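A short write-up of the structure that comes next.
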Amino acid sequence: MDQLTADSELDAQGEDEDILVPDSPWEAAFGLDEAGGDPVEDDWDDNRPAAPMEIDFDDPVSEHLLNALRRAARDACNVNSHDEARKKALRWMFVPGAQDREGLDFEHACLALQARPNVFRSRAVLQMWRAGVVLEDPLPIESAPLPSDFESEVMARVGFGLPVDLAHAIWSWPSIMVFDLMQRFEGQDISKALRALDAEGLVAVSQMRLYYVARNPDTLPIHLLRRFSFAKSLHIAY
């Protein structure tokens with residue numbers, strides 16, 4: 001069944017078609033196929049192909065920006081990347097104003113391609129968790145902090161105070177060990193807050209390492225999973 005047919009059938013059933021349509025190719029697909037350049041399918045999105053690219057590939061500037069984002073995503077999220085390449089990619093993605101080897105600014109590149117920088121960052125962390133990428137050190141100290149929209153979401157869904165502080169700490173160090181958090185928050189019982197962050201799908205856990213993923217599709221019931229879009233689930237402007 002092709003995408004148009006599938007969407008038409010959902011319309012006939014009264015489903016919300018907009019849920020299936022990502023608002024930017026990079027937010028939903030998070031990259032291109034290495035060989036052919038086609039949008040990658042989200043492996044939690046019921047094997048539906050991502051929406052067609054809305055980028056003019058006859059425009060060399062757009063293609064150049066897209067290739068820069070592809071390269072950064074690959075270097076940051078591939079478990080086999082060299083440490084130095086991963087560090088450079090993460091610095092470019094998370095430190096506002098940082099430039100890559102060609103002088104490009106990550107946030108400007110995202111906005112030029114209709115992608116929200118913080119959605120891209122969150123999607124990168126989700127992919128790092130899925131791939132089992134481990135960082136031996138936190139992100140650079142100059143990195144963008146936990147987005148205020150995410151902070152508000154933690155307050156609303158988990159609570160004020162400690163859960164928010166934990167969210168900030170986990171965001172600043174994808175793959176941080178639970179033991180390191182316990183040391184950082186010595187004297188405080190963080191177990192309840194961590195369980196709540198995990199249960200809400202805001203944080204994902206692998207081998208006692210924590211990642212602030214913003215949305216963990218694995219926590220969704222099957223009837224919601226088949227309509228899930230990572231990008232559209234994040235109601236943030238930037």
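Brief remarks follow.
- The residue that is nearest to P217 (Cα to Cα), among those in the stretch 149-205 that are in contact (Cβ under 8 Å) with a residue 60 or more places away in the chain and hydrophobic (A, V, I, L, M, F, W, C), is A204.
- When restricted to residues that are hydrophobic (A, V, I, L, M, F, W, C), exposed (fewer than 13 other Cβ atoms within 10 Å of the Cβ) and in a helix (DSSP H, G or I), the stretch 138-166 contains 1.
- The listed residues are R101, R74, and the only one of them that is basic (K, R), more than 26 Å from L146 (Cβ to Cβ) and either out of contact with any Ser or Thr (no Cβ under 7 Å at 6 or more places or on another chain) or crowded, with 18+ Cβ neighbours inside 10 Å (or both) turns out to be R101.
- Residues in the stretch 97-117 that are under 18 Å from the mean Cα position of the chain (by Cα), among the small types (G, A, S) and not in a loop (DSSP other than H, G, I, E, B): A109 alone.
- Test: residue in the stretch 186-206 that is of a type in the set (S, T, N, Q) and at positive phi: no
- R226 meets the conditions (1) touching a residue at least 40 places away in the same chain (Cβ under 8 Å); (2) touching a strand residue (DSSP E or B) at 6+ places or on another chain (Cβ under 7 Å); (3) of a type outside the set (G, A, S); (4) more than 23 Å from P117 (Cβ to Cβ) in every case but one. The failed one is (2).
- Out of A204, A169, A214, one residue alone is surrounded by 15 or more Cβ atoms within 10 Å (Cβ to Cβ) and either part of a strand (DSSP E or B) or in contact with a strand residue (DSSP E or B) (Cβ under 6 Å, 6 or more places away or on another chain) (or both). It is A204.
Laboratory data are not the source of any read-out in this text; all were calculated from the coordinates shown. Bear in mind the structure is a predicted one, so any value in this text is a computation, not a measurement. Here Cβ is always computed from backbone atoms with ideal geometry, including for glycine, and neighbour counts include all displayed protein chains.
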